[in-house]
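Data block below; observations after.
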Amino acid sequence: MDFVSVAVKNTLILWDIDGTILHSGGAGVRALRASLQAVFGISEPIADIDYAGRTDPWIVRQILRRFGLPESQPNIDRFLEGYLSVLPAHMEAAGARVLPGVKALLDAASAHPEVVQGLLTGNIQRGARTKLEFHGLWHHFPFGAFADDSESRNELGPHALRRARGHSGVEFDMARVWVVGDTPHDIACSRVIGARALAVATGGSTASELSAHRPDAVLESLDDGAAFWRIIRG
C-alpha cells in the first residue's frame, strides 16, 4: 500500500509474534521437548499444555510441575537454555513461515517516520530474536517487552510503553496504541495499559472466539493491507 496516503500521527503498534507474525510449524514445542529430554532426561509428551498467548517461563513452569520437578529459577534457566540451543534447527526442520501480508505491513510501518512499532510477546528476548532473525524480520523492532520482564503476560505492556517512549521520545495517546495479536491473552494485556486491540484469527482462535473478548477490531488475516491500515488509522 502507498503509505503516503495513510494519515497516522504518532501511532504505536505492538506486535505479538507466534500466530500473528509467523507460524513456526511446531518448532517451539519440539524444541521444548528436546530440552526436557536433554536437560532432565524426560521424553514424555507435552503437547497438551496450553501454550497459546503464554510466556516462555510460564510454559516451562507448567512442564516442570507436570513431571514433579522443582520449579526453581535454576531449573527454569537450564530448561530455557536448552530450548534456545536447539530452536534454530527445529525451525529449519519445521518449515517455519511468515504469515501472509505481514512482511509488507512491517516494511510499510518501518518506512514511515510517524509510526513506531515494537514487540509485546511471551517469548524471552533471545527466543524472539531467534525466530525473527530466522525470517529476516528482527530489524523492524528496535524495542519490545518480553517474558524476561515478567512471567505474567498482563505485566508486559507497561514495559513496552516505557521502552517505546524512550526510543521515540513520544508520549503516546493511548487511543493511538495498538496491540496486534492472535489470542485472548493479547486482548487482555492491551486492556491493562488502556491500549486498543486488533485481534487476528491466524493462530489457534477463530474470529468468532476472539470477538467474544471484545477487541476493538478483528481480522481473519493480515493479508489485506488496506483493511489493516484503515483500522490502525481509526
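The values are calculated or read from the model by the stated rules, or taken from the named source; none is laboratory data. All of these numbers come straight from a predicted model, not from anything done at the bench. Ideal geometry is used to build each Cβ from the backbone, glycine not excepted, and the neighbour counts take in all protein chains shown.
Against the condition out of contact with any strand residue (DSSP E or B) (no Cβ under 9 Å at 6 or more places or on another chain), free of Cβ contacts under 8 Å to residues at least 60 places away in the same chain and closer than 22 Å to GLY136 by Cα, how does ASP107 come out, does it pass? Yes; evaluated as a whole, the condition is true for this residue. Applying a threshold of 7 Å to beta carbon distances and a minimum spacing of six or more residues, or different chains, the list of pairs starting in the range 219-232 at a residue that is polar (S, T, N, Q) and modelled with pLDDT of 95 or more and ending at one that is outside any loop (DSSP other than H, G, I, E, B) and surrounded by 16 or more Cβ atoms within 10 Å (Cβ to Cβ) reads SER221/VAL200. Assess whether VAL179 counts as being β-branched (Val, Ile, Thr) and in contact with an Asp or Glu (Cβ under 7 Å, 6 or more places away or on another chain). For VAL179, the condition - β-branched (Val, Ile, Thr) and in contact with an Asp or Glu (Cβ under 7 Å, 6 or more places away or on another chain) - is met.
Comparison of GLU171, GLU133 shows that the only residue that is among the charged types (D, E, K, R), more than 26 Å from ARG61 (Cα to Cα) and in a loop (DSSP other than H, G, I, E, B) is GLU171.
Going by the structure shown, is ALA147 under 13 Å from the mean Cα position of the chain (by Cα), touching a residue at least 40 places away in the same chain (Cβ under 8 Å) and either surrounded by fewer than 22 Cβ atoms within 10 Å (Cβ to Cβ) or assigned to a helix (DSSP H, G or I) (or both)? When the stated conditions are applied, ALA147 does not pass them. Restricting attention to the range 125-153, which residues are over 23 Å from GLY95 (Cβ atoms) and among the aliphatic types (A, V, I, L, M)? Those that are over 23 Å from GLY95 (Cβ atoms) and among the aliphatic types (A, V, I, L, M): ALA145, ALA147. Residues that are in a helix (DSSP H, G or I), touching a helix residue (DSSP H, G or I) at 6+ places or on another chain (Cβ under 8 Å) and either hydrophobic (A, V, I, L, M, F, W, C) or more than 13 Å from VAL102 (Cβ to Cβ) (or both) within the range 197-228 comprise GLU209, LEU210, PHE228, listed in sequence order.
Would you call GLU155 under 19 Å from GLY53 (Cα atoms), surrounded by fewer than 20 Cβ atoms within 10 Å (Cβ to Cβ), modelled with pLDDT of 95 or more and not β-branched (Val, Ile, Thr)? It is true that GLU155 is under 19 Å from GLY53 (Cα atoms), surrounded by fewer than 20 Cβ atoms within 10 Å (Cβ to Cβ), modelled with pLDDT of 95 or more and not β-branched (Val, Ile, Thr). All told, VAL98 meets the bar of being touching a strand residue (DSSP E or B) at 6+ places or on another chain (Cβ under 8 Å) and of a type in the set (Val, Ile, Thr).
Within the range 107-121, the presence of at least one residue that is under 22 Å from SER190 (Cα atoms) and either assigned by TED's automatic domain parsing to the domain that holds GLY41 or in contact with a Lys or Arg (Cβ under 6 Å, 6 or more places away or on another chain) (or both) is confirmed. Quick check, is ALA160 farther than 26 Å from GLY25 by Cα, assigned to a helix (DSSP H, G or I) and at pLDDT 95 or above? Against the criterion (farther than 26 Å from GLY25 by Cα, assigned to a helix (DSSP H, G or I) and at pLDDT 95 or above), ALA160 qualifies.
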